[in-house]
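Q: Mind looking over this structure? Questions follow.
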Amino acid sequence: MKLITLPIIVLFCFIIGEIIKILFPNKTKVIKLIPFIMSILGAAMSILIYMLAPQTLEQKNILEVILLGMISGLASTGSNELFKKIKELRGGN
């Protein structure tokens, strides 16, 4: 994928994950499913990019596109955890 495509997928999934947490604040079952939801959403977004603008992707195989999208979706979950740990270390709630 080009340099900008993966960060866009990660950012999009991160924002959707935050929206899910706001919409379902006390639903632990839904919150536990966020990594799975983000991986599916990342795969769907990468397929959409692959279909609409194939020149932005270097991959020629749809399986590679799906896997990179899933990894990008999971990266958004990991970045959320990183932000939470940094906030904890600084003494925030």
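Q: Would you rank 87, 32 by solvent-accessible area, highest first, keeping every protein chain in place and using a 1.4 Å probe?
A: Solvent-accessible surface, decreasing: 32, 87.
Q: In nm, what is the difference between 0.36 nm times the number of residues separating residue 44 and residue 31 and their Cα-Cα distance?
A: 2.7 nm
Q: Compute a Gaussian network model of the chain, connecting alpha carbons closer than 10 Å, and tell me which residue from 64, 18, 81 fluctuates the most.
A: 81
Q: Quick check: at a probe of 1.4 Å, how many percent of the accessible area of the chain sits on carbon and sulfur atoms?
A: Here it works out to 73 percent.
Q: Still on this structure, I have one more. How large is the Kirkwood hydrodynamic radius of the chain, in angstrom, based on all distinct alpha carbon pairs?
A: Every distinct Cα pair counted, the radius reaches 13.8 Å.
Q: Kyte-Doolittle cut-off 1.6, length cut-off 20 Å along the helix's own axis using Cα: show which whole DSSP H helices in the chain pass.
A: The answer, listed by residue number, is 5-23, 34-52.
Q: Taking the Cα centre of the chain as the origin and placing charges on Cβ (Lys, Arg +1; Asp, Glu -1), which of 51, 5, 39 is farthest toward the positive end of the dipole?
A: So the residue we want is 39.
Q: Apply 1/(1 + (r/R0)^6) to the Cβ-Cβ distance of residue 62 and residue 85, taking R0 = 30 Å, and write down the FRET efficiency to the nearest 0.05.
A: 0.30
Q: Same structure again: Which value, in Å², gives the accessible area per residue of the stretch 1-90 when a 1.4 Å probe is used on the protein heavy atoms?
A: Value returned for the stretch 1-90: 69 Å² of accessible area per residue.
The values are calculated or read from the model by the stated rules, or taken from the named source; none is laboratory data. From a predicted model like this one, the values you see are computed outputs, not experimental measurements. Every residue, glycine as well, gets a Cβ built from its backbone with ideal geometry; the counts of neighbours run over all protein chains shown. Side chains are part of the model used for accessible areas, which takes the heavy atoms of the whole protein and leaves out ligands, DNA and RNA. Shrake-Rupley method; radii C 1.70, N 1.55, O 1.52, S 1.80 Å.
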